[in-house]
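What follows is a set of notes on a single structure, which appears directly below.
The values are calculated or read from the model by the stated rules, or taken from the named source; none is laboratory data. All of these numbers come straight from a predicted model, not from anything done at the bench. Here Cβ is always computed from backbone atoms with ideal geometry, including for glycine, and neighbour counts include all displayed protein chains.
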Amino acid sequence: MVDKRLGRRKNAPSSTTHSETEKEITERFEKADFEIKKLEIDKEHVERRIDKLCQGRGKLEEILIRTRAREEENKLKGREAQMQKSANLASSYEREIGKHDDEINAREDLWENLDREQKKWDLELERLRDVEKMAQTLAAEVQKK
């Protein structure tokens with residue numbers, strides 16, 4: 001069965017560098033198409049995770065600001081024990097923000113890797129389409145003669 005996405009004619013000759021059969025070309029096309037769609041889904045998942053991490057980081061920064069303000073307030077009022085608790089809490093929020101930053105950076109690297117992989121498959125798909133166009137052109141020339 002001829003794959004409709006390839007736009008082949010029934011009797012069009014297959015012209016690739018090493019004489020692949022029509023079935024092999026169709027399989028390569030389907031694999032490239034599948035990989036591209038899979039990578040798009042993976043990239044969307046990573047983007048959503050990055051957004052959630054950024055939102056969480058923003059909330060932590062707001063809490064950190066309030067905690068630092070509470071620490072200063074306790075310092076001015078001479079409440080040493082409460083000031084120390086606020087300082088410890090602020091320090092833990094800073095560490096958590098650092099963890100968020102590390103994970104965001106790791107996810108951004110993952111997204112870039114997925115994007116590079118998707119571009120490779122896009123290029124493969126484009127090559128296959130070019131081969132198909134050449135095959136159609138060749139078939140049209142053969143039929144004219």
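Just a few scattered comments:
- Index of the failed condition, Ile65 passing every other in (1) modelled with pLDDT under 95; (2) loosely packed, with under 14 Cβ neighbours inside 10 Å: (1)
- For region 1-41, filtering for residues that are farther than 17 Å from Glu126 by Cα, modelled with pLDDT under 50 and among the polar types (S, T, N, Q) leaves 1.
- Residue match in region 123-130 (condition: assigned to a helix (DSSP H, G or I), within 18 Å of the chain's Cα centre (by Cα), surrounded by 12 or more Cβ atoms within 10 Å (Cβ to Cβ) and hydrophobic (A, V, I, L, M, F, W, C)): no
- Selection status of Asp102, surrounded by fewer than 15 Cβ atoms within 10 Å (Cβ to Cβ) and touching a helix residue (DSSP H, G or I) at 6+ places or on another chain (Cβ under 7 Å): no
- Any pair with Cβ under 8 angstrom, 6 or more apart, that starts in region 62-74 at a residue that is within 10 Å of Tyr93 (Cβ to Cβ) and ends at one that is of a type in the set (Gly, Ala, Ser): Leu64/Ala90; Thr67/Ser86; Thr67/Ala90; Arg68/Ser86; Arg68/Ala90
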